[in-house]
1. If you look for lysine pairs in the chain that are eight or more places apart or on different chains, how many of them have Cα atoms under 15 Å apart?
2. Tell me, which longest segment in the chain has none of the trypsin sites (Lys or Arg not before Pro) that fall in DSSP loops with at most 15 further Cβ atoms within 10 Å?
3. Would you calculate, for the chain, the mean residue ellipticity at 222 nm contributed by helices, counting each DSSP H stretch of 4 or more residues as -39,500 (n - 2.57) and dividing by all residues, to the nearest 500?
4. Which Cys residues of the chain have no other Cys beta carbon under 4.7 Å away?
5. Do any chymotrypsin sites (Phe, Trp or Tyr not before Pro) in region 1-71 lie in a loop, going by DSSP, with at most 10 other beta-carbon atoms within 10 Å of their beta carbon, and if so which?
6. Could you work out the Rg to Rh ratio of region 94-170, with Rh taken as the Kirkwood radius (inverse of the mean 1/r over all Cα pairs)?
7. In whole Å, what are the extents of the chain along the principal axes defined by its C-alpha atoms, from largest to smallest?
8. What whole-number distance in Å separates the alpha-carbon centres of region 75-119 and region 129-169?
Amino acid sequence: FIADIFLSPFEPCRIRLVSDPTYASGMAGCASRLVSENGVIGGFYAGFIPILFKQIPYTMAKFAVQGKAAESIYAGMGSEPSKMSKGGNLCVSLGSGVIAGVAAAIISHPADSLLSKVNKAGAGGSGGLMSRLTNIAAEEGFVALATTGLFARCVMIGTLTAGQFGVFDIVMGMVGAKKFHFTDPKNPH
């Protein structure tokens, strides 16, 4: 949530510069123009709710799916992390990271599509944010919001997430840290 507060101003600038390269010459010029035309809230935070609907499920899916995918991979190999080499564990992290990234991309894609559209000039007509989001959803339809551009997003987020989990495992190994697992406090081990 806190990171989304800081991320939100960059999204409308990025989307506006991609959708209309003549809008401004760079990020600072775009931010200045957005604020002068729409105010701080309208310019930077019009897409805040869609960001939350994108980022929260995305992050939850990424970590939940990666953990389960890694467990399934180890179980399928009849092994566990302590019995495998560093390279083997890294491969499991990369593979489970791809699976987690694809799942996170699929879950968050409709909200990401709405976010991209609501930050384009004139998208959703006039009115408040919820009215504009409703208009965009009605115009596009759920299937289009959930599938247009999904393959590219799965490839991008799948590889990015695999890289994140791979780097995490490498750094954890370099500093000698061990992964932790949450346990039920009522069930002492």
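1. Taking the chain as the scope, the lysine pair count is 7.
2. Details: sites that count: LYS120, LYS178, LYS179, LYS186.
The answer is 1-119.
3. Mean residue ellipticity at 222 nm (helix-derived): -25000 deg cm²/dmol.
4. Cys with no partner Cβ under 4.7 Å: CYS91, CYS154.
5. Numbers: sites: PHE1, PHE6, PHE10, TYR23, PHE44, TYR45, PHE48, PHE53, TYR58, PHE63; in loops: PHE1, TYR23, TYR45.
Here the chymotrypsin sites (Phe, Trp or Tyr not before Pro) that fit, given the DSSP loop and packing criteria, are PHE1.
6. On the way: Rg = 15.3 Å, Rh = 13.5 Å.
Over the Cα atoms of region 94-170, Rg/Rh equals 1.13.
7. Reported extents, whole Å, longest axis first: 59, 36, 35.
8. Centre-to-centre distance over Cα atoms comes out at 15 Å.
Bear in mind these aren't lab numbers, they're just calculated from the coordinates by the rules spelled out. Remember, predicted model here, so these are calculated numbers, not experimental data. Neighbour counts are summed over all protein chains in view; Cβ atoms, including those assigned to glycine, are modelled from backbone coordinates with ideal geometry.
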